[in-house]
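This report refers to the structure that appears directly beneath it.
The values are calculated or read from the model by the stated rules, or taken from the named source; none is laboratory data. Since the model is a prediction, treat every value here as computed from it, not as a measurement. Cβ coordinates were reconstructed from backbone atoms using ideal geometry, including for glycine residues, and neighbour counts include every protein chain displayed.
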Amino acid sequence: MITFEKIKKYVMQRSRSAKLDQFYSLCPQQSSVLDVGVSNNEYNRSINYFLNNFRLKDDQYTGIAVQPIENIRKKHPGKKIIEYPGGLFPFLDKQFDWVFSNAVIEHVGTKIDQLIFINEMLRVGRNVFFTTPNKWFPIESHTDVIFRHWFEEYFYQWCEKNNPYWSDGN
């Protein structure tokens, strides 16, 4: 039986998959890649989607996280995953052929922090593949709410009652 939840999961999966397909259509096979925004959440399949579906050789992958990620390192022993405190990336200028960042910037902090984040991606990568959540996509990617986020006032009222994390400026 097709349910609303199945449709929602399908749409979100298709969106993530299409982004990866687009990235790999641009990225040559021999490229070094920095994945910005690795999470220590290993239970949600949509988080770390790029890491879990990396199509190049493991030694071409470097991930960066602001959280303790020993659990993720153990699951991906052939990939280099680095913890850092945020701010400036611990890499040389143009160290990577590609920098990949999918829906991370909205978690970075202030507008100044976000500008630093963008500048760091541009500094360490020769090419950058950077996405942000699309407000007009039917499903809000952080709360899984459908259409409600199109009406900001009602969305934040809903968040206060149902998902307070997203009503606190996150």
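Cβ-Cβ contacts under 7 Å between residues 6 or more apart (or on different chains), taken from a first residue in segment 46-72 that is assigned to a loop (DSSP other than H, G, I, E, B) to a second residue that is charged (D, E, K, R), are listed as 46/16; 68/83; 69/83.
I want to confirm something. Restricting to segment 135-167 and keeping residues that are surrounded by fewer than 13 Cβ atoms within 10 Å (Cβ to Cβ) and out of contact with any helix residue (DSSP H, G or I) (no Cβ under 9 Å at 6 or more places or on another chain), which single residue is modelled with the lowest pLDDT? My answer is 164.
For segment 97-113, the criterion of being touching a strand residue (DSSP E or B) at 6+ places or on another chain (Cβ under 8 Å), touching a residue at least 24 places away in the same chain (Cβ under 8 Å) and farther than 24 Å from residue 46 by Cβ is satisfied by at least one residue. Every listed requirement among (1) surrounded by fewer than 17 Cβ atoms within 10 Å (Cβ to Cβ); (2) assigned to a loop (DSSP other than H, G, I, E, B) is met by residue 9 save one, (2).
Here segment 1-15 is the region considered, the condition is being under 16 Å from residue 53 (Cα atoms) and free of Cβ contacts under 8 Å to residues at least 60 places away in the same chain, and the residue that is farthest from the chain's Cα centre (by Cα) is 14. The lone criterion from (1) assigned to a loop (DSSP other than H, G, I, E, B); (2) under 17 Å from the mean Cα position of the chain (by Cα) left unmet by residue 114 is number (1). Screening residue 44 against (1) exposed (fewer than 15 other Cβ atoms within 10 Å of the Cβ); (2) more than 15 Å from residue 141 (Cα to Cα) leaves a single unmet condition, (2).
Would you point out the residue of segment 27-41, among those that are under 12 Å from the mean Cα position of the chain (by Cα) and of a type in the set (Gly, Ala, Ser), that is surrounded by the most Cβ atoms within 10 Å (Cβ to Cβ)? It comes out as 37. Among the residues in segment 144-154, are any closer than 15 Å to residue 34 by Cα and either free of Cβ contacts under 8 Å to residues at least 40 places away in the same chain or among the basic types (Lys, Arg) (or both)? Within segment 144-154, not a single residue is closer than 15 Å to residue 34 by Cα and either free of Cβ contacts under 8 Å to residues at least 40 places away in the same chain or among the basic types (Lys, Arg) (or both). Filtering 108, 66, 124, 104 for residues that are more than 17 Å from the chain's Cα centre (by Cα), surrounded by 14 or more Cβ atoms within 10 Å (Cβ to Cβ) and closer than 30 Å to residue 135 by Cα leaves a single hit, 124.
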